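The values are calculated or read from the model by the stated rules, or taken from the named source; none is laboratory data. Keep in mind that what you see is a predicted model, and the values were worked out from it rather than measured. Methodologically, a virtual Cβ is constructed for each residue, glycine included, from the backbone with ideal geometry; neighbour enumeration extends over all protein chains shown.
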Amino acid sequence: MCGIVGYVGKKKALPILLEGIKNLEYRGYDSAGLAIIESSGIFAEKAVGRVSNLESRVKNTSSHGSLGIIHSRWATHGSPTEVNAHPHTDCKSRFFLVHNGIIENYGALKNALISNGHVFVSETDTEVLAHLIEEASHDGRVVLEDAVCKTLLRVKGTYGLAIIDAKDPGKLIAARNFSPLIVGVGRGEYFVASDASAILRHTRRVIYLNDGEVAVLTPKSRRIFNLQKKSVRHHSEKIEWRTEAVQKGGFPHFMLKEIFEEPDALLNSIRGRIDMKRGIAVLGGLTGIKEKLTNIRRIIISGMGTAYLAGLLGKYIIEELTDIPVEAELASEFRHRKYIFQKNEAAVFISQSGETADTLAALQKAKKHELLTLGVVNVVGSTIARETDAGVYQHIGPEVSVASTKAFLSQVIILTLFAIALGRERKTVSAKDARKIFLEMKKLPKAIQSILNMNEAIKEIAKKYAPYRNFLYLGRGYNLPAAHEGALKLKEISYVHAEGMAAGEMKHGPIAMIDEQFPTIFIAPKDSVYEKNISNIKEIKARNKSPTM
Ligand code: GLU
């Protein structure tokens with residue numbers, strides 16, 4: 001999910017790789033590493049933290065190689081350590097590769113490889129790829145691209161990959177499946193990058209690889225084919241954007257970019273976690289505490305801001321699907337106020353960064369009272385991820401914007417999976433019901449995309465309402481937390497006063513505030529409380545002429 005750059009040509013690879021990966025720093029990452037083929041063998045280096053750490057490690061080396069790969073990692077499997085940083089290699093340190101994405105079936109593959117005698121050094125899912133290529137290459141009797149295709153046919157998951165072979169020093173391989181990867185076309189040189197901004201200084205001619213495609217690049221040639229080795233024709237395209245615009249994916253700011261990443265974020269949070277056949281949610285991070293979860297009598301969900309609101313929605317969902325009472329608590333309250341604890345309680349802490357100060361303090365309090373603690377966190381190896389007994393990672397890539405968007409949806413979907421997992425264990429959810437919910441979940445990315453496609457129409461509506469200074473957001477049930485979240489986003493982004501409120505609460509006072517200068521936004525889908533919402537809308541329209549939407 002983070003950065004990849006690869007180079008094959010006549011120039012020295014090292015400065016090109018370093019400069020390229022620095023152009024991807026804006027995406028956020030936790031460690032970095034590179035591998036270059038030299039006449040004397042492979043030169044590889046890794047460092048935790050900033051690219052500048054890696055740079056200072058390599059600055060006194062005289063690397064002359066002109067084939068290499070570099071990576072900035074956003075950990076998904078295994079904490080951000082030097083050993084877990086990419087590139088990863090096989091037992092004989094022959095094949096080196098960098099990877100963005102997640103190998104879903106890495107557990108089974110790793111076990112099989114270990115029983116065949118392979119030795120693993122990292123905790124990553126990525127390392128299986130290097131060992132699989134080693135097996136498929138039969139000591140170099142099978143050419144690299146064939147070994148790669150054979151490997152990728154065994155793999156389930158997402159990948160952007162750049163691969164080199166110490167014994168095949170003129171060839172760079174790229175492969176892609178649901179992770180972005182492009183080939184940059186230069187004169188007598190080729191580039192690979194997860195994002196065009198990494199290579200724009202060298203070329204604006206790029207080829208967008210499709211999912212399931214592999215590219216074999218040498219300084220003078222390129223071949224692209226699918227995993228069955230069937231050739232695919234590609235023409236290069238010219239990128240016209242400025243570097244700055246490319247970094248934000250062509251969007252004017254990160255928040256908008258991340259809103260448009262929502263369909264992908266949801267897919268990534270769901271991927272590999274739905275077992276349709278058995279009607280169960282597979283949350284690998286919770287397997288170690290399965291036993292303890294069966295005895296849980298109450299759950300406290302805690303977080304701040306948007307994460308708290310995801311927790312509030314989680315409360316509704318878990319209570320609907322299980323027999324467990326749930327409290328949603330602002331971490332800043334939970335940490336300071338007297339709380340009446342009982343036996344067999346679990347606390348779930350939600351934080352995109354895994355470092356939110358109040359949430360961390362609330363976690364410490366829960367630990368002190370010996371609650372079973374769980375985390376829903378995006379940043380692997382973050383404090384909350386480390387300090388909780390177990391948890392579920394969001395897998396949505398970095399969220400740069402301070403106003404959270406894609407993380408909220410992902411947190412809600414993970415809490416839904418959690419509710420199904422609990423419900424199936426406690427027999428409050430049947431396999432049939434779980435499947436029904438899964439089917440709806442799978443439709444969500446497309447449904448969100450169809451809303452994003454209305455971007456222009458939404459802009460027009462925003463223009464109409466831009467002059468107003470006060471807004472009320474109303475909803476009931478699942479849409480109450482959504483109403484709060486809508487109001488929070490409007491306050492945070494537009495500096496406009498907005499309140500989220502239960503629609504039923506409106507006539508008990510707040511309606512007095514509403515007039516033609518105070519628009520009300522109702523979240524009123526056709527659900528069990530639709531008619532109630534319609535009555536509220538009529539009340540507001542009749543008495544106060546508030547513009548409603
Ligand atoms: N899943 C891989 C890891 O955890 C790749 C992470 C990335 O996309 O940066 O190492």
### Message
Going by what's in this entry, would Lys446 be described as surrounded by fewer than 23 Cβ atoms within 10 Å (Cβ to Cβ) and either more than 20 Å from Ala281 (Cβ to Cβ) or at pLDDT below 95 (or both)?
### Response
yes
### Query
Inside segment 1-88, counting only strands (runs of 3 or more DSSP E) that do not spill past its ends, which hold 3 or more residues that are surrounded by 24 or more Cβ atoms within 10 Å (Cβ to Cβ), under 25 Å from the mean Cα position of the chain (by Cα) and within 14 Å of the ligand (Cβ to nearest atom)?
3-8, 31-38, 67-73
### Query
Of the residues that make up segment 495-504, is at least one under 23 Å from Glu258 (Cβ atoms), surrounded by 15 or more Cβ atoms within 10 Å (Cβ to Cβ) and of a type outside the set (A, V, I, L, M, F, W, C)?
yes
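Among Asp139, Asp168, which is in contact with a Gly (Cβ under 9 Å, 6 or more places away or on another chain), more than 9 Å from the ligand (Cβ to nearest atom), at pLDDT below 95 and among the acidic types (Asp, Glu)?
It is Asp168.
Conditions tested, residue by residue: (1) part of a loop (DSSP other than H, G, I, E, B); (2) under 27 Å from the mean Cα position of the chain (by Cα); (3) at negative phi.
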{"site": "Phe471", "(1), (2), (3)": "no, no, yes"}
{"site": "Leu480", "(1), (2), (3)": "no, yes, yes"}
{"site": "His484", "(1), (2), (3)": "no, yes, yes"}
{"site": "Ala498", "(1), (2), (3)": "no, no, yes"}
{"site": "His508", "(1), (2), (3)": "yes, no, yes"}
{"site": "Ala512", "(1), (2), (3)": "no, no, yes"}
{"site": "Phe518", "(1), (2), (3)": "yes, no, yes"}
{"site": "Ile521", "(1), (2), (3)": "no, no, yes"}
### Task
Test Met549 against the stated conditions and say whether it is surrounded by fewer than 15 Cβ atoms within 10 Å (Cβ to Cβ) and over 37 Å from the mean Cα position of the chain (by Cα).
no
### Task
Could you please give the count of residues in segment 98-121 that are of a type outside the set (A, V, I, L, M), within 26 Å of Ala265 (Cβ to Cβ), outside any helix (DSSP H, G or I) and more than 8 Å from the ligand (Cβ to nearest atom)?
2
### Message
Among (1) within 25 Å of Asp165 (Cβ to Cβ); (2) in contact with a strand residue (DSSP E or B) (Cβ under 7 Å, 6 or more places away or on another chain); (3) crowded, with 17+ Cβ neighbours inside 10 Å, there is one condition Gly186 misses while meeting the rest; what is its number?
### Response
(2)
### Task
Within segment 379-392, identify whether any single residue is within 11 Å of the chain's Cα centre (by Cα) and among the charged types (D, E, K, R), and answer yes or no.
no
